Each structure stands twice: as C-alpha cells, then as structure tokens.
Amino acid sequence: MTHLERFLAVMEYQAVDRVPNWEAGVWPQTIDRWRGEGLDVDALHWDWFSGEAALGMDPREFIRYNCYLKPEFERKVLAEDAETQTFQDAEGRVRKWLKTGEAGGVSMSMDTYLRFPVQTRADWEAMKKRYRPGPVRYEPNWQTLRPAGWKARQHPLIFAPNCFTLGFYWMARVWLGTEEVSYAWYDEPAMMQDMMHFWGDFLIEGLRPVLETTTIDYICINEDYAMKTGPLLSPETYREFIFPQHKRLFDFAHSHGVRYCTIDTDGNPEALLPLMMDAGTDAIWPCERAAEQDPVRLRKTFGKNLRLWGGVDKRALAAGPAAITAHLQSLQPLIAEGGFIPTVDHTVPPDVSWENFKSYLGAKEKMLRGAL
C-alpha cells in the first residue's frame, strides 16, 4: 500500500497492512539529553510531522501557509535579571521567561504572560490589519511548482504545517489572554462574535486558492481550549461563539475536497466533543493521557465517527521497556478496529532516555502491524 492508501484505509476502518507511523517531535532539552547518551543528533531532521525516515516514520506533506500576523510587533527586551527576562514578543504580548533549563530558545517552564495586545475595541480594529490574506502567506511560485506533484501524491497532503492554521479560541487567547477571554464572552459579546467571524473568513480565504488547485487529505485546526479537568469554556459558550465558525469552515473544506477536518487540543475536551462532531470534526488529537483521555474509552463513548490520533502516554516511555510494551498492548483493540493513529500524546520530554525511546519505536512497529 502507498502511504496515502494506508492513511485513508485506517481512517475509513478498512483492512490495512499496518497503521501509519507518525510522531510529533521532542523537546530541545530531550535532544540535548540524547546527544549526551550517544545519539548523532545531526543525522536526524527533527521535523517529525513530515516524518523521520531514519526512525521508521512515514511521510506527510504540509502545504506552506502562514497564518501569523504581518507585520509582526517589534521584539524587544523590557527587563532582565540573572534568572528571568521580560520581553515583548512578535505577537505583541509581554512575557516573563525563566532562563533556567533553556535549550534551543525554549524554557523548561511556561512563561508568565503579563500583557496582551488587545486591550480595547480600537486595538482589535488595528489588529485586523495585520491579518490580511494574500500571496505573502504562501510559498513563492507555488502555483507553478507544486500542483503537479500534489495531484500525483502517494502520501497524505495537509494544508499548512502544525500550528500554522490556528483556531478560534487559540487566536482569541493570543489577542486577549486566557483570563480576559473568559470575561469577554460575557462582557464584550459583539467584539467576540466579530473576532470569531473575522477569523473564519481569514481561514476560508487562506484555503480557497489551494482548494481551487488540488484536493487535500486533512486540515488541522489548533485550538487548545481544554485543561486537565475539562474545557476552558462552557458548551454553551462554544455553541454560541465557536460552533458556527467551525461548522462554516469545515463545511467549506469538506465541500471543496478536504477529506477530514481535525482539531488539536490538549487537555480534556470531552464536554465539547458532541458539539465539535456536529460542527464537522472528523478527528481529534493528541488524546492527552494526563487529562484522562484514554482513546479506547473515547471510542466506546463517541463511536467511529470520531477518529482518534495520539493517546500514547509519554509517562510510560519514561518508565522503561516493560511499561512501554504493556501500555502499547492496551491500545491494540483500536489498532485492530481502525480509525486510530497512535503517537506520543505530545512532544517527548527529557525524562525519556534514548534507550527507552528506541524500545518504544521497536514495540510500536510491532503494534502497528498488530503483532505486539
């Protein structure tokens, strides 16, 4: 089977030689650890969404598209001491960054967000001007260079790399911050409706020229609107503000040749899943295990209309080969049933040794063939 045939067969619960081998990636600190444990890190690409062939991962192709603001805000340091740095980032947010454990420009801890760029309705009107659709958001000369290869593809083709088709809650949080978003649904409903509709227009117009040229196999909208114990917004708020835009976007995508519409959210989104499915969501990932997102249980609860990606507990990888094998064996019923593509439930953290990750890859290869 080709990589594309294999992906489509799994998504449609059809017979398959094996399930696709996908992964998301690792922390920069993990790369540092594995280098110290003897891995030649320069022999790998570290773009695991596209597929690390040397580690047995399958290829996926992501159409280049950039949803980020243009022009960016000025990046500038506002204050600094021995342990922290306070700075304005490219999206206009003021953040405090902990230097301890930094690797590859990524801290071991979450930044503290001190200020967000949209404080008033006037700020929002000015922000819109940074998100104009246009040719600069695509690869140069893509209409000449890419369509023939896309039409002849034997691998999945996806619109935009991971986190380059950001979703509705995600963008509201970027503009306002989590706390202010939580109030704004109630205090500024007209502005929030405008934000949601504006972003729906932006994503649809981004998709339109590509879908006039080729079909694509899936889009993934990054939302991250759930925490460990549940969503960051109520089902009623989702229904009023985000559901109409998800449905509008997914209806447009499906009607223009996109096979599957996927949502990426960490945490536990279960209270929203029935509405998300009604809006046209075909698959979710990463099924975060620390938030009790067991894909076997999710399949029993939500049925085959919801495909599941992810679901491999990163904590099991740190526990050693026996724990890894036992954990993967628990996922075998979904491998047999279909509609499931296992990956680590986020990027691999630095408490996972290179030896344990190799053990995971070996056991996973057997699991994907139904032979573990």
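Quick note: the coordinates plus some simple rules give every number you see, no bench work behind them. Just so you know, these numbers come straight off a predicted model, no measurement behind them. As a convention, Cβ positions derive from the backbone with ideal geometry for all residues, glycine included, and neighbour counts pool all protein chains shown.
Computed over region 74-116, relative contact order equals 30 percent, with contacts defined as Cα pairs under 8 Å that lie 6+ residues apart.
For region 1-109, what's the relative contact order in percent, using C-alpha pairs closer than 8 Å and at least 6 residues apart?
Relative contact order, region 1-109: 17 percent.
Close amide H partners of Leu78, meaning residues 5 or more places away or on another chain with modelled amide H under 5 Å apart, are Thr86, Phe87, Gln88.
The slack in the chain from Met277 to Ala336, taken as 0.36 nm per residue of separation less the alpha-carbon distance, amounts to 18.9 nm. For the residue pairs Lys151/Lys247; Lys70/Lys128; Lys76/Lys228; Lys314/Lys364, the alpha carbons lie more than 22 Å apart in Lys151/Lys247; Lys76/Lys228.
List the residue ranges in the chain for DSSP H helices whose C-alpha atoms run 20 angstrom or more along the long axis and whose Kyte-Doolittle average is -0.5 or above. Display every interim value, and only then the final one.
On the way: long enough: 189-211 (33 Å, 0.37); 354-368 (21 Å, -0.77).
Qualifying helices, which must be both long enough and hydrophobic enough, are 189-211.
Residues of region 216-248 with an amide N closer than 13 Å to a point placed 7 Å from the Cα of His254 along the Cα-to-Cβ direction: 246-248.
Here region 74-116 yields Rg over Rh of 0.94, to two decimals, using C-alpha coordinates and the Kirkwood radius.
Relative contact order, whole percent, for the chain stands at 18, derived from Cα pairs under 8 Å and 6 or more residues apart. Separation of region 209-253 and region 147-184, taken as the distance between their Cα centroids, equals 9 angstrom. By DSSP, the beta bridges lying fully in the chain are antiparallel in about 45 percent of cases. Working note: 222 nm ellipticity from helices only, DSSP H runs with n ≥ 4, each -39,500 (n - 2.57), summed and divided by the residues of the chain, gives -10500 deg cm²/dmol to the nearest 500. Working value for the chain: equivalent-ellipsoid semi-axes of 32, 26, 22 Å, each the square root of 5 times a Cα gyration tensor eigenvalue, largest first.
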